[in-house]
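Novice: Have a look at this one.
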Amino acid sequence: MKTKIFHIVENDNLDQLNEAVTLLENDEVVAFPTETVYGLGASIDSEEAIDKIFKAKGRPNDNPLIVHISSLEMLDSLTDNFNYKAKKLAEAFWPGPITLIVEKKDKVSNKVSAGLSTIGIRMPNNKIALELIKRLKTPIAAPSANLSGKPSITDPKYLIEDLDKKVAGLILSDNSEIGIESTVINMSTPTPIILRPGYITKEDIEKVIGPVELSKGITTGENPEKPASPGMKYKHYSPNAQVILVGGSKEETRSKILNYIENNNKNIKVLLSRNSKEDYPEYLNVESLGNSVEEFSKNIYSALRQADKENIDILLIESLEIKDRTLAVIDRLLHASNYTVI
Ligand code: TXA
Ligand code: MG
């Protein structure tokens, strides 16, 4: 299949989007930027296009898609159950990186919800994404744009790697500002439950609507038979390299890393969550992803993909201290490493 590549940044003339809209109207799928990670979108009115998303990604079909909207009016076509707490969260955080799960209207295709009675909805905080949905005049169902199981895409060059010749359109824009996926929270239970941690944290949410729960298994590594969020049970965010998380203080981490490298003859790269590259011998392959959880989150997916380009066998990743703000990225690292922690 021939893939139409669009290069659009936020202050460009957005009329270029009309061609992408036509593709979506014609049952095709188009990848587009969001503030979290790139998404692979289809009109929610096209079951044919939704099938194409699952096929292009190699996504298991029991894993539901998030529905992206550009205005609150679009909610009317999706749900009759946007309750008081959901409204409060939408008011506080949309457009932004939080997905609210609510009971869906019957007319929303079961292909979007993967047979569930609920759907996840979010309004992304990205001008191109919002304009695309607005011009289509229909919500866009979109998972992250990576091939299933691979790290999500935050640098548009990887869209071409994963999806060229597999989908009708790719909108290449800037690198994603946030770099990890939205917080997913189930609003259909009496006490809302966070199913996937994200940039909007438990504490952020509780300031707006009071107590919420964290789904069991988010940090513990339990892998429940029937996870609340179907996507959480699959292998995720994984490069070809084996990922090992290294925990502890700066000093402890350093000595564990040096010790590991000394006793291993594989091609190893180290990714640091602190600005402490100078503490390591120069001949080692060490990269710092920043000195804050925000910088680390923004850079991590591209660093995982870059390691595969360098044919790295083992990635040793310096973990972060578990806190409200670091939970999301730690969750992704635990998945990427298949819970291998030293
Ligand atoms: O930031 C994001 O959320 C990105 C951008 C593109 O918006 N999207 C994204 O989609 O990460 P995806 O498909 O990679 O992850 C969606 C997660 C999956 O774990 C899925 O199982 C869960 O949300 N999910 C979606 N709908 C659900 C529902 N009705 N009930 C429970 N979990 C749901
Ligand atoms: Mg994903």
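Novice: Return the residue satisfying two criteria in turn: it lies in region 267-277 and is modelled with pLDDT under 95 and surrounded by fewer than 15 Cβ atoms within 10 Å (Cβ to Cβ), and of such residues it is farthest from the chain's Cα centre (by Cα).
Specialist: Here the residue is 277.
Novice: Which ones in region 58-74 are at pLDDT 95 or above and under 17 Å from residue 42 (Cα atoms)?
Specialist: Answer for region 58-74, where residues must be at pLDDT 95 or above and under 17 Å from residue 42 (Cα atoms): 64, 65, 66, 67, 68, 69, 70, 74.
Novice: Here is a list: 184, 112, 167, 108. Which entry is closer than 28 Å to residue 338 by Cα and either over 13 Å from the mean Cα position of the chain (by Cα) or more than 16 Å from ligand 2 (Cβ to nearest atom) (or both)?
Specialist: 112
Novice: For residue 73, which of the numbered conditions (1) in contact (Cβ under 8 Å) with a residue 24 or more places away in the chain; (2) in a helix (DSSP H, G or I); (3) under 28 Å from residue 192 (Cα atoms) fails to hold?
Specialist: (1)
Novice: I'd like the full set of residues that are basic (Lys, Arg) and modelled with pLDDT of 95 or more, limited to region 288-324.
Specialist: Scanning region 288-324 gives 298, 305.
Novice: Name the residues in region 278-302 that are surrounded by fewer than 17 Cβ atoms within 10 Å (Cβ to Cβ) and outside any helix (DSSP H, G or I), would you?
Specialist: Across region 278-302, the qualifying residues are 281, 282, 283, 284, 285, 287, 290, 291, 292.
Novice: Something else now. Among the residues of region 149-164, count how many are within 14 Å of ligand 2 (Cβ to nearest atom) and without any contact (Cβ under 8 Å) to a residue 60 or more places away in the chain.
Specialist: Counting residues in region 149-164 that are within 14 Å of ligand 2 (Cβ to nearest atom) and without any contact (Cβ under 8 Å) to a residue 60 or more places away in the chain gives 1.
Novice: From the residues in region 141-175 that are aliphatic (A, V, I, L, M) and part of a loop (DSSP other than H, G, I, E, B), which one is surrounded by the fewest Cβ atoms within 10 Å (Cβ to Cβ)?
Specialist: Within region 141-175, the match that is surrounded by the fewest Cβ atoms within 10 Å (Cβ to Cβ) is 147.
Novice: Do we find a residue being surrounded by fewer than 20 Cβ atoms within 10 Å (Cβ to Cβ) and in a helix (DSSP H, G or I) anywhere in region 307-321?
Specialist: yes
Novice: List the residue pairs whose Cβ atoms are under 7 Å apart, where the first residue sits in region 198-224 and is over 25 Å from residue 177 (Cα atoms) and of a type outside the set (A, V, I, L, M, F, W, C), the second is in a loop (DSSP other than H, G, I, E, B) and modelled with pLDDT of 95 or more, and the two are 6 or more positions apart or on different chains.
Specialist: Short answer, once both residue conditions are applied: 211/191; 213/191.
Novice: Find the residue count for region 119-140, including only residues that are surrounded by 23 or more Cβ atoms within 10 Å (Cβ to Cβ), in contact with a Pro (Cβ under 9 Å, 6 or more places away or on another chain), within 18 Å of residue 76 (Cα to Cα) and among the aliphatic types (A, V, I, L, M).
Specialist: Residues that pass the stated criteria total 4.
Novice: Can you pull out every residue in region 253-273 that is over 22 Å from residue 321 (Cβ atoms) and assigned to a loop (DSSP other than H, G, I, E, B)?
Specialist: If the condition is that a residue be over 22 Å from residue 321 (Cβ atoms) and assigned to a loop (DSSP other than H, G, I, E, B), then 263, 264, 265, 266, 267 are the ones that fit.
Novice: Could you tell me whether any residue of region 216-230 is modelled with pLDDT of 90 or more and in contact with a Leu (Cβ under 8 Å, 6 or more places away or on another chain)?
Specialist: no
Novice: Also: Determine, yes or no, whether residue 127 is basic (Lys, Arg), within 28 Å of residue 329 (Cβ to Cβ) and more than 9 Å from ligand 1 (Cβ to nearest atom).
Specialist: yes
Novice: Go through region 283-297 and give me each residue that's more than 18 Å from residue 176 (Cα to Cα) and among the hydrophobic types (A, V, I, L, M, F, W, C).
Specialist: 284, 286
The values are calculated or read from the model by the stated rules, or taken from the named source; none is laboratory data. Predicted model, so just to flag it, every value in this text is computed and none were measured. Using ideal geometry, Cβ is built from the backbone for each residue, glycine included, and neighbour counts are taken over all protein chains shown.
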